[in-house]
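For reference, the structure discussed in these notes is given below.
The values are calculated or read from the model by the stated rules, or taken from the named source; none is laboratory data. The shown structure was predicted, so the numbers you read here are calculated from the model rather than taken from an experiment. Note: ideal-geometry Cβ built from the backbone for every residue, glycine included; neighbour counts use all protein chains shown. Heavy atoms of the whole protein, side chains included, go into the accessibility calculation; ligands, DNA and RNA do not. Shrake-Rupley method; radii C 1.70, N 1.55, O 1.52, S 1.80 Å.
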Amino acid sequence: MYESISLFSGAMGLDLGLEKAGIDIKLCQDFDPSCYETMLRNGKPAIDGDIRQIDSMTILERAGIKQNAAFLLCGGPPCQPFSTAGKRLGINDPRGSLFMEFIRVVNDTRPRFFVFENVKGLTSIAVDKGGAPGGVLDIILEEFRKIGYKTVFGVLDAVNFGVPQFRERLIILGSRDNEEIFLPAQTHFMKHQLPQMRWRTLGETIKDIENYPEPCMHFSEERLRYLRMVPEGGNWRDLPLAVQPIAMGGAWKSGGGKVGFYRRLSYSQPSPTIVTSPVQKATMMCHPTKDRPLSVREYARIQQFPEGWKIAGTITNIYKQIGNAVPTGLAEAVGRALIATANGDAEVFTKRTRGTSAHKTIN
């Protein structure tokens, strides 16, 4: 019923969440051969290749959808140019122009809605627009406006939608028909009277599989020597003072919080944002009690991939695919918000905006 198309699909975290909401992804696309193989291994209809070389009508034909008939087009153009972990070249990086390819396909195919997701860093990248102030996000929103789409946007944290991970993503929703689109309302909270409504922790997510870690990357013996000194939930600051400069090396005198150095996770909290490699010095993701990084299976659990989901490639490539994915819980919430908009039942209309007169009698 809700026939849709996915671009820049990666390991399909966004697509799987949208499908859980009831959206039918008829075609996926990615440039990375490993991502394409992941789609095929899981029986998903896919098209590979550089989106800049793929005609929009070919996409519609392969999806079996006519122009103006798609419910949704979704995707997240590669985020490296906008990431706070990169060089933040932004619009000056050639890859930054891939968002224009997404807009091109939206304009050509004319879906009822679109979902554009990206890193939070995109919201703060300034660009030179001939002397006029502005940023990458301003340009993107203006381009969507030019092709006739109403938009809403915001940074959503996946932990607030039942994902056992702090992970902020920029979400832009668009409506072709000027419908009252809205970002999904938070469903999970740090503090709540009902256990099922509280943030999910790392412990409840991985404890049943932590004794079966393969496949898994490994820390070097040098890094393990220091990690063994770090308690659960700690990092380099928990090392003995005399050891810290030696363990940190050149980073010892650098600025910033450096929270990812020699980081050992905590069972009792949600996971930090999953990164593309758990063994890098500045972004270590060490198991809470075992002297190893999180395994591929634990990574997939935190990102909420279904059990048995097949991810192709080398172990490095598999970690990267999972680390770049959108958690399915966040994607499902976005999909449900769009379906509620389409069905017109997202809001209860009432004239009552305050308590009744009876409340005035209560002392």
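Note on the chain: helix-only mean residue ellipticity at 222 nm, from DSSP H runs of 4+ residues weighted -39500 (n - 2.57) and normalised by residue number, equals -7500 deg cm²/dmol. 3J(HN,Hα) couplings calculated from phi for region 224-233 with the Karplus curve 6.51 cos²θ - 1.76 cosθ + 1.60 (θ = phi - 60°) are, in sequence order, 5, 4, 7, 4, 5, 8, 9, x, 3, x Hz; Gly and Pro show x. Give me the distance between the Cα centres of region 324-349 and region 159-206, rounded to whole Å. Distance between centres, Cα-based: 10 Å. A simple spin-label model places the labels of residue 237 and residue 191 2.2 nm from each other, with each point 7 Å out along Cα-to-Cβ.
For residue 155, the solvent-accessible surface with a 1.4 Å probe is about 60 Å², rounded to the nearest 10. Accessible area per residue for region 195-316 is 49 Å², calculated with a 1.4 Å probe on protein heavy atoms, without ligands, DNA or RNA.
Ranking request for peptides 335-347, 7-19: highest mean number of other beta-carbon atoms within 10 Å first, then the rest in descending order.
Details: 335-347: 17.5, 7-19: 26.1.
Highest to lowest by the protection proxy: 7-19, 335-347.
Shown here: Cα Rg over 2.2 N^0.38 Å, derived from the displayed model; of the candidates (1) 1.07; (2) 1.15; (3) 1.01, it corresponds to (1).
Please work out the average accessible area per residue across region 17-79, using the 1.4 Å probe convention, and give it in Å².
Computed with neighbouring chains in place, this is 45 Å² per residue.
Could you tell me how many degrees, from 0 to 90 and to the nearest 10, lie between the Cα long axis of helix 136-146 and the main elongation axis, the longest principal axis, of the Cα atoms of the chain? Approximately 20 degrees, to the nearest 10. Rolling a 1.4 Å probe over the protein heavy atoms of the chain, with every protein chain left in place, gives an accessible area that is 52 percent carbon and sulfur. Sorting 52, 223 on solvent-accessible area from highest to lowest, probe radius 1.4 Å, gives 52, 223.
When all protein chains stay in place and ligands, DNA and RNA are ignored, the 1.4 Å accessible-area order of 218, 192, largest first, is 218, 192.
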